[in-house]
Amino acid sequence: MIRTEVFLIILGAAIVTLIPRIVPLVLLSRITLPERVVRWLEFVPVAVLSALLAQAVVMPEGSPSWPPENLAMIAIIPVLLIAVRTKSLIKTVAGGVVVMALLRWVMG
Amino acid sequence: MRDNRQADHHMNIPDTDLPEADSTPPGRGYADGIRDAVPVIMGYLAIGLAFGVVAKTAGITVIEVAVMSMILYAGSAQFVMVGLIAAGVPASAVIVTIFLVNVRHLLYSAAVSPYVRHLRPWQNALIGAELTDETFAVASSRLGQGGRAGAGWFLGINNVSHATWIVSTTIGAVLGSAITDIRALGFDFALAAMFAALLILQIVNRPAWMPAVTAAAVGGGVALCASLVVPPSWAIIAATLVAATVGMVLEEREA
């Protein structure tokens, strides 16, 4: 069952989400961006990743929290070490999942 | 060196449409995209199940969850939307709020644009339609400076991630409270670990790592400070604008 009003909300939200996802990609790929703009855009992944990571580790439930409630803040230490050592995405993610499972088991 | 790269950029990528055979890294196709998305799949399975359970508990039906994941496809925005619908907030206010939560995708879309100049507009529209924090993060880790993204490879990442999200959120809604402790296994930490790994990879792959490390420290700091005064998704925008500028300026000084 789908309620008409809920469907219209989802549809409206989908449209206003598609605009920022699609418009820059389609328009900016048509033109030659100034060199400095391109170099700025090359820093966007580092900037975004650091912001997403900081939020995921310090405020995993939406607001800042500390150990022992916030285990992400502990788990991130071995995960960063694995990432620096292996430089492997998949090993780091697998390691992170194992570390978090172990932490929950120990702190259980 | 920088001038060479720029000249290269123009020579390789004229404004005329080219066949999509070229890709970065060379020869990566749809199946490689699926493989590159494995960390996203792990994270979306955990978060998607959790979302389905939360949505069902808040009175959203299974079909509504499925439709939401199909046409809206935005993790944090879907959590926000469910909360607002459950609270009886008017439709127009919900839609405006979701726009504000998702407007950060402007930055991801713009950052991908230099790598897809050889593709047709409809291909770029398809790539953009399924951009999320996570698919952008994975894709950008494979895009070198001045390179190109293959349409098939990018759509491989996007489609499998989206499919995982639809399936896991719907299963979560069907099972509802039957799933009590989905976090026990630690899969919900997969995305944080993925951001950490991709950040390290981004830093070590830059020509000079000092500007990138500084930008990352600034980005993390601004994201946390800004989260105290604005919604988290806006804090990401603020952090990105500041940190990317810091990184670019520092790199210019080193050159």
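The values are calculated or read from the model by the stated rules, or taken from the named source; none is laboratory data. What you see is a predicted model; the values in this text were computed from it and never measured. Don't worry about glycine lacking a Cβ; one is built from the backbone with ideal geometry, like all the others, and counts go over all protein chains shown. Note: areas computed on protein heavy atoms with side chains; ligands, DNA, RNA excluded. Shrake-Rupley method; radii C 1.70, N 1.55, O 1.52, S 1.80 Å.
Compute the relative contact order of chain A as a whole-number percentage, counting only Cα pairs closer than 8 Å that sit 6 or more residues apart in sequence. Normalised by residue count, the contact order of chain A is 15 percent. Between B:Trp234 and A:Glu5, the C-beta separation translates, for a Förster distance of 35 Å, into a calculated FRET efficiency of about 0.80.
Normalised per residue, the accessible area of the range A:1-62 is 40 Å², obtained with a 1.4 Å probe and no contribution from ligands, DNA or RNA.
Expressed as a rounded percentage, what relative contact order does chain B have, with Cα pairs under 8 Å and six or more residues apart?
On the way: 304 pairs, mean separation 81.6, N = 255.
For chain B, the relative contact order is 32 percent.
Of the whole protein surface, A:Glu69 contributes about 150 Å² of accessible area at a 1.4 Å probe radius. In the range A:64-100, burial by the other protein chains removes 40 Å² or more of 1.4 Å probe accessible surface, compared with the chain on its own, from A:Lys87, A:Leu89, A:Ile90, A:Val93, A:Val97. Against chain A, whose longest principal axis is taken from its Cα atoms, helix A:4-28 shows a tilt of about 80°. Here chain B is treated as an ellipsoid with the same Cα gyration tensor; its semi-axes, largest first and in whole Å, are 33, 22, 17.
Any idea of the accessible area per residue across the range B:56-119, 1.4 Å probe, to the nearest Å²? Mind dumping the intermediate values first?
Numbers: 2010 Å² over 64 residues.
On a per-residue basis, the range B:56-119 sits at 31 Å².
Mean residue ellipticity at 222 nm, helices only, the protein assembly as shown: -23500 deg cm²/dmol; runs of at least 4 DSSP H residues each add -39,500 (n - 2.57), and the sum is divided by the number of residues. For chain A, the carbon plus sulfur part of the accessible surface works out to 74%, probe radius 1.4 Å.
Which value, in debye to the nearest 20, describes the size of the charge dipole of the protein assembly as shown about its Cα centre when Lys and Arg Cβ atoms bear +1, Asp and Glu Cβ atoms bear -1, and nothing else is charged?
Numbers: 22 positive and 22 negative charges, 56 e Å.
About 280 debye.
Going from the chain on its own to the full set of protein chains, the range B:234-255 has these residues losing 40 Å² or more of accessible surface (heavy atoms, 1.4 Å probe, no ligands, DNA or RNA): B:Ile236, B:Thr240, B:Ala244, B:Met248, B:Glu252. For the protein assembly as shown, the orientation-averaged shadow of the C-alpha convex hull comes to 17.4 nm² (one quarter of the hull surface).
Can you pull out the buried accessible area for chains B and A, both sides counted, probe 1.4 Å, rounded to the nearest 100 Å²? All intermediate terms of the calculation are to be shown ahead of the outcome.
Working: alone 13650 and 9200 Å², together 15280 Å².
Counting both chains, the buried surface is close to 7600 Å².
Place a +1 charge on the Cβ of each Lys and Arg in chain A and a -1 charge on the Cβ of each Asp and Glu, then give the dipole magnitude about the Cα centre in debye, rounded to the nearest 20.
Values: 9 positive and 5 negative charges, 75 e Å.
Using Cβ point charges on Lys, Arg, Asp and Glu, chain A gives about 360 debye.
Go through B:Thr170, B:Thr240 and list them by solvent-accessible area, largest first, probe radius 1.4 Å.
B:Thr170, B:Thr240
Between rounded, prolate and oblate, where does the range A:34-107 land on the alpha carbon gyration tensor, with a ≥ b ≥ c its root eigenvalues, rounded for a/c under 1.5, else prolate if a/b exceeds b/c?
On the way: a/c = 3.91, a/b = 1.70, b/c = 2.30.
Because a/c hits 1.5 or more and a/b fails to exceed b/c, the range A:34-107 counts as oblate.
Given the options A:Leu80, A:Val48, A:Pro68, identify the residue whose Cα lies farthest towards the positive end of the charge dipole of the range A:34-107 (+1 on Cβ of Lys, Arg; -1 on Cβ of Asp, Glu). Of the candidates, A:Leu80 comes out farthest on the positive side.
Rounded to the nearest 20, the Cβ-based charge dipole of chain B about its Cα centre (Lys and Arg +1, Asp and Glu -1) stands at 180 debye.
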